[in-house]
Amino acid sequence: MFRHKGKGRTYSHNLKLASILSCVAGLVNITGVLSVSTLTTNVTGHFAYFSEELLIKNYKMALFYLLYILFFLLGAFVSGVITEWATKHKLHTSYIIPLSIEIIIIIIIAFSPDILPKNSSISLIISSALLFAMGLQNALVTRVSQSVVRTTHLTGLFTDLGIELSQLFFHQQKGKKIQLNKSIFLKLMIIICFFLGGIIGGFTYQQFQLKTLLLPATFLLFAVWYDRLLFRYYHLKRKLR
């Protein structure tokens, strides 16, 4: 899912990556909404809220929304720097560092009510940390899949899906139609898994509150373990040949 790039990357790699990490994003997003009333997987809405708070001269809240935007950007930036550095040094496990940071952040936030003092800034810390983690994830997935997969927001996906569905009526060539069907199915899987993560997270939050975030952390750990297991399997298979 993470190691293969360029010509070595297949549709199956992108489908697995999209399914797991979009579910992670759905879980994180609903947990952020239910715990601190903040969208934590994208910044589109925060721009609107930022403008609104400026208009009514609530500069403190405007600053908060600006921080949310910047933390998502910072997460993407850090992920990009790590990936570029790893590529320059020809490391094949460049994805490990951003994913490890994301997992650590999510686990810390899951236990934040027990760790952090209860005050007015805890909501800002939780929101900013989760937005940073999702910026990390989105940049990593975008880079690994060569912009084919994005897992943290759905606006662009629905737009692309609508365009591709319309193209089905006009492309009759078998090869082109197969390619379109595969692309449509990939986008549908991202959307379904994001919604599924949100639904599971909503029900789980009623019982476990912020500890719901241990679920996406587990999914990320599974993704890393599964990717490593497959790598060892194919490496051993090549050796035996």
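Observations on the structure shown:
- Within the option set L220, L213, L229, being out of contact with any helix residue (DSSP H, G or I) (no Cβ under 9 Å at 6 or more places or on another chain) and in a helix (DSSP H, G or I) holds for one residue only, L229.
- Listed conditions (1) among the aromatic types (F, W, Y); (2) in contact (Cβ under 8 Å) with a residue 60 or more places away in the chain; (3) within 19 Å of F2 (Cα to Cα) are all met by W225, apart from (2).
- Pairs with Cβ under 7 Å, 6+ apart, first in the stretch 5-20 and assigned to a helix (DSSP H, G or I), second modelled with pLDDT under 85 and open to solvent by 40 Å² or more (accessible area, probe 1.4 Å): H13/H4; N14/V148
- Residue tally, condition in contact (Cβ under 8 Å) with a residue 24 or more places away in the chain and in contact with a Gly (Cβ under 9 Å, 6 or more places away or on another chain), over the stretch 29-51: 8
Results for (1) under 14 Å from the mean Cα position of the chain (by Cα); (2) at pLDDT 95 or above, shown as yes or no for each residue.
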residue	(1), (2)
K60	no, no
A76	yes, yes
K90	no, no
Y95	yes, no
I103	yes, yes
I107	no, yes
P113	no, no
L116	no, no
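- If the condition is being of a type in the set (D, E, K, R), more than 21 Å from G26 (Cα to Cα) and surrounded by 14 or more Cβ atoms within 10 Å (Cβ to Cβ), then the stretch 202-240 contributes D227, R228.
- Test: residue in the stretch 224-241 that is out of contact with any Leu (no Cβ under 7 Å at 6 or more places or on another chain), under 24 Å from L131 (Cβ atoms) and of a type in the set (A, V, I, L, M): no
The values are calculated or read from the model by the stated rules, or taken from the named source; none is laboratory data. Only a predicted model underlies this, so the values are computations on that prediction, with no experimental measurement involved. For neighbour counting, all protein chains shown are included, and Cβ atoms are generated from backbone atoms with ideal geometry for every residue, glycine included. The area values use the complete protein model at the heavy-atom level, side chains included, leaving out ligands, DNA and RNA. Shrake-Rupley method; radii C 1.70, N 1.55, O 1.52, S 1.80 Å.
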